[in-house]
Every structure is written in structure tokens, then in C-alpha cells.
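Remarks on the structure that follows.
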Amino acid sequence: MTSASVIDELKKSRILELLELGKRVDGRALDEPREISIETNAIPKANGSARVRLGETEVICGVKIQPDRPFPDMGDKGIFICTAELLPLSHPTVETGPPGPDVIELARVVDRGIRESHMIDVSQLVIEQNKSVVGVFADNVVVDYDGNLFDACSYAATAALLSSKSPKWNWIDDAPTLVEGEDMPVPIATIPVSVTMGKIGTHIIVDPNGDEWSSMDARITITTDSDGNICALQKGGSDGFTLEEIDRCGDLSVKVGAKIREKLKEAQKESQ
Amino acid sequence: MTSASVIDELKKSRILELLELGKRVDGRALDEPREISIETNAIPKANGSARVRLGETEVICGVKIQPDRPFPDMGDKGIFICTAELLPLSHPTVETGPPGPDVIELARVVDRGIRESHMIDVSQLVIEQNKSVVGVFADNVVVDYDGNLFDACSYAATAALLSSKSPKWNWIDDAPTLVEGEDMPVPIATIPVSVTMGKIGTHIIVDPNGDEWSSMDARITITTDSDGNICALQKGGSDGFTLEEIDRCGDLSVKVGAKIREKLKEAQKESQ
Amino acid sequence: MTSASVIDELKKSRILELLELGKRVDGRALDEPREISIETNAIPKANGSARVRLGETEVICGVKIQPDRPFPDMGDKGIFICTAELLPLSHPTVETGPPGPDVIELARVVDRGIRESHMIDVSQLVIEQNKSVVGVFADNVVVDYDGNLFDACSYAATAALLSSKSPKWNWIDDAPTLVEGEDMPVPIATIPVSVTMGKIGTHIIVDPNGDEWSSMDARITITTDSDGNICALQKGGSDGFTLEEIDRCGDLSVKVGAKIREKLKEAQKESQ
Amino acid sequence: MGGRDATMVLLDENGIRCDGRKVDEPRRIMIKAGGLKNADGSAYIEFGDNKILVGVFGPRDVHPKHMSNTDTGILRVRYHMEPFSVGERKNPAPSRREIEISKVIKEALEPAVMLDKFPRTAVDVFIEVLQADGGTRCAALTAASVALADAGIPMRDMVAAIAAGKVADTVILDVNNEEDQAGQADMPIGYMPNLEKITLLQLDGVLTPDEYKKCVQVGVDGCKIVYDLQKKALQEKYFGDGGD
Amino acid sequence: MGGRDATMVLLDENGIRCDGRKVDEPRRIMIKAGGLKNADGSAYIEFGDNKILVGVFGPRDVHPKHMSNTDTGILRVRYHMEPFSVGERKNPAPSRREIEISKVIKEALEPAVMLDKFPRTAVDVFIEVLQADGGTRCAALTAASVALADAGIPMRDMVAAIAAGKVADTVILDVNNEEDQAGQADMPIGYMPNLEKITLLQLDGVLTPDEYKKCVQVGVDGCKIVYDLQKKALQEKYFGDGGD
Amino acid sequence: MGGRDATMVLLDENGIRCDGRKVDEPRRIMIKAGGLKNADGSAYIEFGDNKILVGVFGPRDVHPKHMSNTDTGILRVRYHMEPFSVGERKNPAPSRREIEISKVIKEALEPAVMLDKFPRTAVDVFIEVLQADGGTRCAALTAASVALADAGIPMRDMVAAIAAGKVADTVILDVNNEEDQAGQADMPIGYMPNLEKITLLQLDGVLTPDEYKKCVQVGVDGCKIVYDLQKKALQEKYFGDGGD
């Protein structure tokens, strides 16, 4: 997703010109995210799922819940893993093959935002201590790219988890055994919301679209929880932020995050 | 094995010209496979083995039989796996490294032909239900290439399996334990025979040699069992077949397959 | 580390010229290794460690000791594994990525020299027969390259092992359980010393430095044990040795090895 | 294959299958042409419980150059399953099964695409299985044909695909997952109705020679039903109706 | 994060931390510029129990050529842990964590390096973690800045780095391993004191908005302490003293 | 090495080894030059229970070009074991052992091949171990020399190879699998009899300095026996007889 063509340079100039006037290319306010649409249960055979559109970026997340062996020295906790993948049909520049550093960072940041918020109470996901636990896998696939995958994947994973039903297993004859008809919601403690902000020149914009994404100098993704606390953060890009900008981004993430959390709650309600 | 040189074009024209006259470059009838020679026990230290020459194509198959853990939810069945590999000494164009799509397809088609015929009765290959089963591995290596690896590998694997002796294991002290001196033939239910046909122009030819292989428009591999039933099929190549051609290939596979099955039975007798 | 530049050719001529006069580029005698400095406990959190400088070649070895599962059919023996890696900061030509044949050979020769000397008595490294053993991992990383990594890595691994303290585990409740405060030296049976000799023209030199290494025609690494016996050997490079040269190299390895063994013993004493 | 699970009733005394269908009745099929914004062409198919998305890019340059062909264009196909598309979470690394199916679908599409119209370049077909039921390769091939047409790639015909098979000693159309697991045979077929050519054909399971011929015929007839739905999907996108 | 181990006393009644430090006190930091013979520039840092070696090569040609940029130089960073650097022996293959940290450090260094001064070429920064305690990425970034300066790469400023965090509901400077495992939040910060820019910032763990702002401030102040030690290390190498 | 299995009698009171051989007696060796149809040169060897096939291609172009050398030809060697060649089925991926042996055999062959006669090109030697007993590398090297000669590659000499070793405190020729597993030392030797140069030499196991010298001598004498069989194999192919 890097580029240095003449067109890109022109686009960047145009974006910057508008920002000097307080405007964005698609008419949004600087602190305004794009329209979010959330469709849950898009993959009915999965244990939970969501299809999220953030502007023209589109992500599908499917949740699989299944017995697993605990990690070493973590026998009293279940497993939560969130991944992200750019499908090659999402953009002409995406290549198949093992993920590069960009995609690895994306997956890890989305995973960490949800993990550090303690959204999923993994202590409740134990079938038999030290032997068998429940694994919750939230896999994001990007099907259309128009910037800001961090937030789109985060919302898709969160919405999919909120809509998930977990089967129940008992430990019988040294093996986890499915208990029919006892599906329950996944134990949810909070609803994390990530808000990604780009820095172009000295301007901070919320939820950069594809053109803004390739023009920006630096970015920051801040995740807040239902209490309005900040629980994860990742700075990226080839420029820095002043102390004042970092503070302002913190405030923005709380404010914008609260509105998006309401949309996630709505989607959760509709899914039930 | 792809090519587009002038020589190749001339070869193809010549092959096609002859076919219009009902003839093949090596003088065979259109429904006539090349000479097959089968030498069993070529690798005495393996549990079974065969060296097969189909014209100038040559394949060695070695069978290894050893205790293994069953696949999940398959605790009452042993394991049968058949592979195929093109050794780099078999042709100047073969490259080392992980197998490409052609070789992966080859291995999977050969495996499926034998597996779907139910040649090996895997339900008899259980040492201790859900804990330990017998694994039968038939590994083909191609040492000389002159077209039609599908059939050459299939005959080599089948002949090697027919000549195999399996050790016996008992379940003692939570481990499979070898019982000396109780080697027995592998449990065989039927003898599958694959017959590969190429389509060049509108002509269908049995067992294409190397030059025919690189000239053909499409191919079909059909496996029949000892009852003369059809148990596996794979179409390949960049052209299609008419419904009538598909029917005709089915008949050919039964007719030609029956003759080749006799050769495999002979080789089995000689191996004992 | 291959090269064929004009400078390299000139260097080789100069080295050879001097050798004809019985001299080396850095003033050493032909059978004289470079200065060796050994600092143990360079990595205090490891179970043992050493930083070794052989001239301007520098290697760090860290030893990790931890419970492991025994190899199949080796349930009455612990595990010893020695590795070697060229860090990319050690020389401008080193590339990241999976190790090439040169580095694989280096690691295996260093491992074999120590293993075949029976330095570590692996029969004493059993926690519970067939279930749990102690694994001793000696990992070498090269931080500065100036030729002869074979000997530098071998000395680093040997010094690190001589300085190692192993924790103790008991088999309790089907798991290895650490016994606090019972760290003991690793069971050492002998001190192996590898001596690498290069052949340039008809001259045999001990411990080639970087320039000599890229100029030499062949090399031989011979490891001796505390009894002055020869326990491992590896010939390398694109030329051969006469029978007489091989005999002479054997004698050199015993003579030079004995001196270096004293340095390793000193370092061991200092580490305690 | 071959009576794997004897306890399941795959066909009742009235000739009704485990999911309520008649022997020659396909599952519900919904095809949508277009949908993706960045792809040059795309299609989405629901074929029973299969949900598959296909995106097409090209003709476009080939990197590295030596992979291109001066005489003809090349078709590249990747069939890929999402981790959440199957019962047990799938490992994200491409499996040998996915590599084989990619090749089989590629060779099934090649006779339909006028590759000689775009020498030196490549057309890429990316197939994403979001949810898998039996018969993903037929559904994928069907959708890929529509996506290629949607991308404006010059074509001789479209390939329609569906599986025939055998359960309870009866030849059936459109094998679902249970029938694939517990039935006697599965024969995926890809067919170009205008050119009257079978371009994909596979078989797992045991058939008598007569059943074999019947299966091929039943499959070809089924492909014609699928073909009508492919055309309808393109008409809906480009003329705003279902071709009625 | 977030009170993982309730039994450990991370802060006693006198405001003293588990390793005896005060809340705003960094661990012992020792920086040495140079040291490696083959690298164009190098540095070694001990930051608490962290021991990290950094070597720099370049500017030098890029292979393959198409990875280079005609307008600007490129910076390449590899963060790598030795197998023996952590509690349980690390698998030698690069982990996803190492790949992410390499990227984060690269982007933290880029604003400091005058990349436009060496178009078409690359500067390589190789970071080797010999022994890991909490905060390896801050220690690595700090040492990498010194190694770049030692290599004579033109720079706008150096990046100094240290983590702020939260234990026992108190904001602290320089999180060690125990505090990272059992504490409530860890916020690594990289800062250029002259340009007044934060170039690395991450956070794991829960902070109120006020604590968040306080953490950033405490971290920035800590970076200034580290910055003095960086300058001192360079002065010692190049002028034979500690700048006193 | 070193008396791994004390219960096995490796040498009886009459100086007879576990497989009936005398101390200086090689196993049965059968060498055939040629045999493969597509390779430019080939050889097949049975050396005790080892069965090894070698194919040679070249001199031929090198891809990618930058791997070639304008001054000299290059030799590439791959030593590879079939999955069924050893006791327990071998994983098909190349092992580190196979990579090392490939390198050792390559360097053992290089002094024998006139690489300067074919600059810019490569000769490829593909070694396939069909059945392994002790001493595969010596058998492989022996067969590779014959295959190179069969391919018409210009050579200074052929390399013959065999192992010396030590069992029951006695130096022996041609170590078999049991002797390798339970014996005291294994020393594979590759030797060019005309040029009187040792080009392959390895040792695992403990030898006194005197035993070391004796092993080398015994091995070199053994190589001369092997060398005669190599020449005989080529004579049989090219002159239709065994050189009698």
C-alpha cells in the first residue's frame, strides 16, 4: 500500500489544501468517522460473525469456538486469538503468500485492543484445569480496502464476539464432550472500541479513508473500554506526535469511541 | 513440463497428422498402453516395494508400515497415505524444492484412486481403538520421465501394496509393541487400476507418452476396481470433453484396466 | 563469504608469498592460534554462558537447561543440542533468513565435536525414564567475524557448558517439578577442543583469520578430548589433502589442543 | 465415500432426500454479479449453505516478467477457504486440497476464456469460501464464470457447475455435505452449455459403468439450470432485471 | 495487564518498588558507543537486566534494486532475540512479535534520520537482544539511535526511549519485567528531545484519561534522562570523556 | 559412538565381524554406469545394502544468472533420501543432515572436476538414496564420480570412497550400519588414487593418534579397491566388458 506516483503526490496536495481550510476530501468533519454498517450472523455456521462496512472498507469476521489445550503455565485460562488477513480480492496491490509486517502489525494491534480491554473473560473458559480449555478464535478477512483496517477489523471482531454463542463441553473420560443444547453467550466484560487517527501535516483526522491513509505522515490507534478508560494504543508511520497532539488524540478516542460503542450495542441487540 | 518451442510445435503437428491417419508416433493403437514391467521387492528393507516401467517412464514405490496415532474422530480406522515426488534426475526440467501444483495434483489423484477403491481395508489396521493404529505409507518417486505419471505411480503403488507384509503390534503398557515373526499381507479388498487418456484434437489416446503428453489438449484419468466399477476420476488440461467422449473414456478405462489388472495380479503372485 | 575481486586475488598472492617465507600476514607462526579471551557468565540469566574472542572473531554462547520429552527410543538419555548462528551485525555480507549450507555445516560440526567427545554425560540427565529428560541447549551467536568460526563457536560452547549450573527437577504428579536451591554443575566427562587448520598452496596453518580463510584451498577441523584422543573431524573446501598432511594435522590438533584446553580450564575455575 | 455412515437415512421411501429435496432437485442457488468495489469484476454465490465471493483483476501485467507468455494471456486462480468457513477452524496456510482445487478450477475456466485476446498479461481469479457446505468447487466455478464476465473478460461461453452423485443406490443431483460424507459417490461437473463441453469432472466413490453415464447426464442437465441463473444474475446487474 | 498477580507487592507503603526503586527512578542504564569491528556503527546497552547489541551498516546498495527508492534512502530494522535471552529457550525462527517490534522501531527512527541525504541506498539496523528484561524495545531503540550516530548517518536528533506504566494504581517510570507481568499498564515511549516529538508510543493495560496524560508526561521526562546518557556515550567514544 | 550397545558381538574370537566379513574386507559392491534415460550421465551402486542412484545434468545454464561465475563452472550437489530408504519413514523435507552431506560431497568432488573447462555454466549431481545402510555418503560419492564420468564431464581423476572405523578396539574397513551404531568410530574417506589426495574426510568416535593414522591408511587402501570397481563399471558400459 505504499506508493509515490505523481497522482499520489497530487492527491496528497489536494488533501492538505482542503485540511488547511478545515475540510476533508469526502466532506467529513475532521473528527468524524465514516458511516458504519454492521450485519451480524453473516456466517451462520460459525459460532458468531459480523460483516462490517466502514465507508467503502469491508471486513468479515467469523468466530470459531472449540476445545483446545491450554498454553503452558496458563492452565486456568481459556484462549482468545484474533487474526486479520487481507484477501487478494480486496485491492489490486494485495499479494498472496505469508503476511508482511503491515498485516502482522494490523492483526496484533486488533488482537491486543480486544485482549487488553479484558472483553472476553478467559477465566470462565476452562473445561478441565491444566488439561482442556475453550479457544475463541476471531478471524477477520478484509474483502474491500479503502483505508483504516485497524478500526474496521476491530469493530468486526467485537461485533462478531458480541453475537457469539459458545457450545458447552464437559470433561468425560479424559476428553472434552459436547453438551447438546446448552449454547450460551460468550462471557463479555466490556466493549472495546478502537479509534484510529491520522496526522497529515499538523492536522489530526479521525478514520482516514484510503486516499488519506496513503497521504498521512503518522497515525495513532487508541482503544477505549466501556468505562471510558484507555486500554491499548499503537503509534505508527514515519513522523512523530507532539505531547499536546497525543493528549488530544486520547480525548478524541474517548469521545468518538463512545458513539461507536452505541452502534456495537445496537448490533448486539439485533443479533439476539 | 510446459513448453512452447518451435520443435514442440512441429512435434505436435506430426502427432496430430498421424492421429488423423489413426496412427501414433510410437506405432501403438490409440487404445493401447505402453509395455508395463513390474519388479516387486526392489527395496527389500521396506515393507513392500515395486519398480514399474511404463514405456520409458520409471517409478519406484516403497511402502512403510508403522504404528501411528489415529486422525481425530477416526479412532477406529488405520491410516493410508500415498505420495508422489518427481526426482530431479528424472528430467532436466524438474526443479528441487517444495512441490508445485502439478505434483500436488499427481500425488492427490494417485492417492484418491487407491483410497476410493477401498483397496486397503483400514478398519483392520487398528492396534488400540482411539489410541494407536497402523499407518501404511506408499511413497512414489519418479526416476525417469516420459509422460503419464498418473498411471505409472498408481501401478507402482498398487504393486508395492500387493507385495507388502505388515508387522503386527499389540497394545502393551500403553504403547504399541512389535510381535516378532507375525508379518502378514496387508488386508486387500480390491485391485484399483487407473487408466489415463489424452485428448489431442478430437482423438482420444490411452497412456500418452512424453511427446503426446506435452501436445495434448486435455486428459482424463479413470480408476476402476476389480468388479469393473468406476471409483475415481480426474479431468485435467485446458480443453473440455463432450458428453459422448466422457462415456467413451469410461468404457475404455474398464476395458484397458481389466488387462492391466491381470499384470498386477501376476506381479503379486511372483512376489510371494 | 565467497568472493573473487581483484583485492581478494592480491591478498591471496601476498599471503602465499609470505607463507613461502614461513611467515603469516599477522606475524604468527604457522602452528600458532590467535589470542583467545574467554569471559564466562556474560549472560547471567542463562544457565551458563561465555563470550569468546579468537583474534577479532567474537562469539557469545548461552546455555539453557530445561525439561523436555526424550527422543523416541532414547528414553534413558537426556538431550544435548548445540547450534550456531551468524548474526547480520557480524559482517556486511551476512544475510538474514534461514541458514545456508555453510552455517548448517558450522553448527553441525561444532555440535558433533562436543557430542562425540561425550563431554556431557546425557545418561545423568533423566528426570523420569521414557517420559521426561533434561535438555541442554548451547546456542552460539557470532557477533564479529574474522575467520575460523568453527573453533570460536566450539570454545564458546565448551566454556559456557563448563560454567553452567543445572536446576534439578523431580517427577511429581506426572510433571517435572523444579526443586529450588539445588543447582548443580552439568555432568562433564571430558573437555573437547577443536583445532581448525587451513591449507594454502602446500602450507598448513592453524586458526586461519578472515583473510586467510577466504584465501585457503581446503581446511580440516579436528577435535581432541582430555585424553589426547581424536574424537571428531571434518574436512572442507575445494581441494584435497595428502595422507602425510592428514597425519600432520592430527599431530597438530593434539599439540595445539592441549594448550587451549588449559585456557578453558582456567576460565572454568574463574567462573566458580 | 461408499456408505460411510449406515445409520443416516439419505433417501426415504418417497424418494425424498435428507434435506427434503427430490433426487433431481438442486439446492437453493442465489447468484449476484458485482458487489466488490476494488475488483475489476466480482460475483457472490449462495449455493445451499455455501457462501462464496469471487473477485477478478485484469488483464494486467505479470511480475516477474518471465512468467508471462508473449503468445497468450494467462489465467491464475486461487481457491481459498476462510478459517471460519468449515466445522473445525481451518489453519490459514494453504492446504494441498486448496492448491489442487485451484488448478482444477483454472483448467475448467481456460476453455471458456479467450486468452489469446490479451497476450503477455494475466487475469487473476480470487475465490474466497466464506462458508462451506458440500460442493464448494462447483459453486466457486459457477461464481468465477460470472465474475469473469462482470470484469468484461472476453469469453466463449460461461462454465456452469454442479455435482451429481449417488446415495442409497440412486443417482442424485447436487450432493450436499451430509450426502458427500455418508453417500456412495460425488461427481462434480463443470459444463459450457453453448459449446457443449465438460471442462471440470471429478469422481470420488464407486459407480457401475451405467451409473457413471447416468451421473454425467444428470450433472450436465443440472449445469443447464445453473447456467440460466448465471445469465439472470448478469442481466439483473446490467439491465436491472432478471431477464424476464 | 491489569493485576495479573495479586500476591506480589509492587509498591510498598513507602512508595518503594519491588526492585527498590522510587516511582520516578529509572533502572541502571549503561550505554557504550562502538565496540563491533565489522559494523559501520554500533552500540551496546545495559538497561536494567536488558543487554542489547546494535550494529549499523550503510548507506549501502539495495538488492534487489527495485526495493530501493530514487527519491530517498530507506531504513531497514531487524529486532531479534537470541535463543538464550529469555526464560524459556526461544525458537530461533522470527516471531510475529519480533516482526512487529522491528516495524515499530523502524518507524520510531525514521523521523530522526535524514533519509533524503542518501537516495537509492539503505541503512540497516540490526538489533540483537542478548538478555531480556522488561522494556527491550525502549532499550533497543535507545541503543539504535546511538549506533546510527556512531555510523555517521546524518540525523536530525536522537530518539531516547523508556517506558512509563502503572502499578498499584500509581504511575511509574521504567517498567521492569515483574511490573510488566503483574502490573496494570505498560507504555513504551520514544521521544526526540530537541524536536519535541514522540516517535514511538504503545500501550497495553488500562489507564483513566488522566493517568494516560500523566504517563505520557512521565515517559517524556524519563526520555530526557536517557538522552543525556546517549550523548555521554558518544562523547566518551569520540572525545574520550563523559562530557563533564 | 563409543560402545553404544555392549551386548552385540561386533568381532568374534576369530576376527570375524557381525556380518561374517574379515576386518579388512569391504561389503559386496556393485556399480553400474548409465541406466537413466533423461539424465546426461548416471550411475547406480549397491554397496552392502545401500542402493543409490545418481543422475548428472550439464554443463548447462545457470538460473538466476547472478549465481553463475564468469571464470569457472560450478558444481551443484543434492544428496537426498527417499522416505522409504530408512527404518522409520523419513519426512520428505530436506534435513540438515542431508544439506551438510550435500556440501561435503560437493567439496569432495570439486578437486576431481575440471570446472575451469566450462565457465558460466553448472553441472548438477542429483544423488538419490533408495535404501540406506551404513556408509551412504561414501557409496554416494563413489557413484557420483562414475555418473560424472558417464556424463562426459572433464575430470582429473575419480573419487573413490569407503569408511574405515573401529570396533572392539580394532581398526576395520567399511563400517556397516550395526558397526556404525554400536561401534567406536566411523571415518568416511574419499580419495583420488591417481592424484593421491584425500578429498572427503570425517570422523565420529574416539581414536588414539595411532589408531587415527591407521584408519586413514586402511581407508585409503580400501578406496583403491573401490576405484578398480568404478573403472570396471565404466569399461563395462563403454567397451562391453569388465576390463578383463
Within the set of pairs 6+ apart or on separate chains, which have a first residue in the stretch A:82-98 that is more than 21 Å from A:A138 (Cα to Cα), a second that is among the hydrophobic types (A, V, I, L, M, F, W, C) and surrounded by 13 or more Cβ atoms within 10 Å (Cβ to Cβ), and C-beta atoms under 6 Å apart?
-> A:P92/D:F57; A:V94/A:L86
C:I43 meets each of (1) farther than 18 Å from C:G147 by Cβ; (2) hydrophobic (A, V, I, L, M, F, W, C); (3) in contact with a Cys (Cβ under 8 Å, 6 or more places away or on another chain) with one exception, condition (3)
Quick one: which of D:K214, D:K237, D:K224, D:K231 is within 23 Å of D:E13 (Cβ to Cβ), basic (K, R) and either part of a helix (DSSP H, G or I) or in contact with a helix residue (DSSP H, G or I) (Cβ under 9 Å, 6 or more places away or on another chain) (or both)?
-> D:K214
Test E:I105 against the criterion of being in contact with a Phe, Trp or Tyr (Cβ under 7 Å, 6 or more places away or on another chain) and in contact (Cβ under 8 Å) with a residue 60 or more places away in the chain, and give yes or no.
-> yes
Name the single residue, out of those in the stretch A:164-201 being in a strand (DSSP E or B) and β-branched (V, I, T), that is nearest to A:G113 (Cα to Cα).
-> A:V193
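In the stretch F:33-82, which residues are among the charged types (D, E, K, R), within 10 Å of another protein chain (Cβ to nearest Cβ) and in contact (Cβ under 8 Å) with a residue 12 or more places away in the chain?
Correct list: F:D40, F:D49, F:K51, F:R60, F:D71, F:R76, F:R78, F:E82.
Yes/no per residue for (1) among the β-branched types (V, I, T); (2) more than 30 Å from A:M119 (Cα to Cα):
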position: E:R21; (1), (2): no, yes
position: E:D24; (1), (2): no, yes
position: E:R27; (1), (2): no, yes
position: E:L36; (1), (2): no, yes
position: E:N50; (1), (2): no, yes
position: E:V56; (1), (2): yes, yes
position: E:T70; (1), (2): yes, yes
position: E:V77; (1), (2): yes, yes
position: E:K90; (1), (2): no, no
Search the stretch E:6-23 for residues being over 16 Å from E:A164 (Cβ atoms) and among the aliphatic types (A, V, I, L, M), and hand back the single one that is modelled with the lowest pLDDT.
-> E:A6
For the stretch D:174-215, how many residues are among the acidic types (D, E) and in contact with a strand residue (DSSP E or B) (Cβ under 7 Å, 6 or more places away or on another chain)?
-> 6
Quick one: would you say D:A185 is surrounded by 24 or more Cβ atoms within 10 Å (Cβ to Cβ), in contact with a Gly (Cβ under 7 Å, 6 or more places away or on another chain) and within 12 Å of another protein chain (Cβ to nearest Cβ)?
-> yes
With respect to D:L207, determine if the residue is of a type outside the set (G, A, S), touching a Cys at 6+ places or on another chain (Cβ under 8 Å) and within 14 Å of chain B (Cβ to nearest Cβ).
-> yes
B:S214, sole failed condition from (1) in contact with a strand residue (DSSP E or B) (Cβ under 8 Å, 6 or more places away or on another chain); (2) in contact (Cβ under 8 Å) with a residue 40 or more places away in the chain; (3) small (G, A, S) = (1)
Considering (1) within 17 Å of the chain's Cα centre (by Cα); (2) away from chain D (no Cβ under 14 Å), say which one A:D139 fails and leave the rest.
-> (2)
So, in the stretch D:67-93, of the ones that are among the hydroxyl-bearing types (S, T, Y) and at pLDDT 95 or above, which residue ends up farthest from the chain's Cα centre (by Cα)?
-> D:S85
Filtered residue count, the stretch B:51-106, keeping only those that are more than 12 Å from chain F (Cβ to nearest Cβ), part of a loop (DSSP other than H, G, I, E, B) and under 23 Å from B:N148 (Cβ atoms) | 1
Mind checking which residues of the stretch F:212-236 are within 8 Å of chain C (Cβ to nearest Cβ) and farther than 26 Å from F:Y44 by Cβ?
-> F:Y212, F:K213, F:V216, F:Q217
Just one of the numbered conditions (1) under 18 Å from the mean Cα position of the chain (by Cα); (2) closer than 20 Å to F:E107 by Cβ; (3) surrounded by fewer than 24 Cβ atoms within 10 Å (Cβ to Cβ) is not true of F:N177; which one?
-> (2)
Counting only residues that are more than 9 Å from every other protein chain (Cβ to nearest Cβ) and polar (S, T, N, Q), which one in the stretch E:91-113 is farthest from A:D111 (Cα to Cα)?
-> E:N91
Exclusive hit being surrounded by fewer than 24 Cβ atoms within 10 Å (Cβ to Cβ) and within 14 Å of chain C (Cβ to nearest Cβ), set E:D124, E:D116 = E:D124
Please find, among C:I220, C:I205, C:I188, the residue that is in contact (Cβ under 8 Å) with a residue 24 or more places away in the chain, buried (at least 17 other Cβ atoms within 10 Å of the Cβ) and in contact with an Asp or Glu (Cβ under 8 Å, 6 or more places away or on another chain).
-> C:I205
Can you confirm whether the stretch D:139-152 contains a residue that is more than 17 Å from the chain's Cα centre (by Cα), farther than 15 Å from D:I105 by Cβ, within 14 Å of chain B (Cβ to nearest Cβ) and not aliphatic (A, V, I, L, M)?
-> no
Selection over the stretch C:99-117 where residues are in contact (Cβ under 8 Å) with a residue 60 or more places away in the chain and surrounded by fewer than 18 Cβ atoms within 10 Å (Cβ to Cβ) yields a count of 1
Could you tell me whether the stretch A:19-34 includes any residue that is closer than 30 Å to E:G87 by Cα and touching a residue at least 24 places away in the same chain (Cβ under 8 Å)?
-> no
With respect to the numbered conditions (1) under 27 Å from D:L130 (Cβ atoms); (2) polar (S, T, N, Q); (3) more than 14 Å from chain E (Cβ to nearest Cβ), which one is the sole condition not fulfilled by A:N170?
-> (1)
Every residue from the stretch B:221-236 that is more than 7 Å from chain D (Cβ to nearest Cβ) and in a strand (DSSP E or B) | B:T221, B:I222, B:T223, B:T224
Can you name every residue in the stretch C:237-250 that is within 7 Å of chain F (Cβ to nearest Cβ), assigned to a helix (DSSP H, G or I) and free of Cβ contacts under 8 Å to residues at least 24 places away in the same chain?
-> C:L243, C:D247
Qualifying positions in the stretch B:114-123 - in contact with a strand residue (DSSP E or B) (Cβ under 8 Å, 6 or more places away or on another chain) and more than 10 Å from every other protein chain (Cβ to nearest Cβ) = B:I114, B:M119, B:I120, B:D121, B:V122
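The values are calculated or read from the model by the stated rules, or taken from the named source; none is laboratory data. These numbers were taken from a predicted model, which means no experiment stands behind them. Every residue, glycine among them, receives a Cβ derived from its backbone with ideal geometry; neighbour counts consider all protein chains shown.
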